[in-house]
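Single-structure report; data block below.
The values are calculated or read from the model by the stated rules, or taken from the named source; none is laboratory data. Remember, it's a predicted structure, so these values are computed and weren't measured experimentally. So basically every Cβ, Gly included, is an ideal-geometry build from the backbone, and we count neighbours across all protein chains shown. Just the protein is used for accessible areas: all its heavy atoms, side chains included, with ligands, DNA and RNA removed. Shrake-Rupley method; radii C 1.70, N 1.55, O 1.52, S 1.80 Å.
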Amino acid sequence: MKLHLLMCRDCRRYARQLAWMQQALTLARSADVATPGLPAAARARIRNRLRNEHPRPPV
């Protein structure tokens, strides 16, 4: 396989693209962890607003 990669320009390019994508996804995942979500108060306001506007039908 390594010999093929040495000879095939398209496969080398594909391997570089895969490596780039893997690095980009790894960085994106680490950025997602560091980015805080909505504060609890904001989530509660949204939840209450949705409940008030769309009450559940009685069971």
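Tell me which residues, restricted to the stretch 28-54, are at pLDDT 70 or above, assigned to a loop (DSSP other than H, G, I, E, B) and open to solvent by less than 100 Å² (accessible area, probe 1.4 Å). Can you show your working first?
Step one: of the stretch 28-54, the residues at pLDDT 70 or above are 28-30, 37-54.
Right, trim to assigned to a loop (DSSP other than H, G, I, E, B) and you get 37-39, 54.
Gly37, Leu38, Pro39 - these are the residues of the stretch 28-54 that are at pLDDT 70 or above, assigned to a loop (DSSP other than H, G, I, E, B) and open to solvent by less than 100 Å² (accessible area, probe 1.4 Å).
Pull out all pairs, ordered by first then second residue, where Cβ-Cβ is under 7 Å, the residues are six or more apart or on different chains, the first lies in the stretch 6-27 and is part of a helix (DSSP H, G or I), and the second is surrounded by 10 or more Cβ atoms within 10 Å (Cβ to Cβ). These pairs meet every condition: Cys11/Leu5; Arg12/Leu5; Ala15/Leu5.
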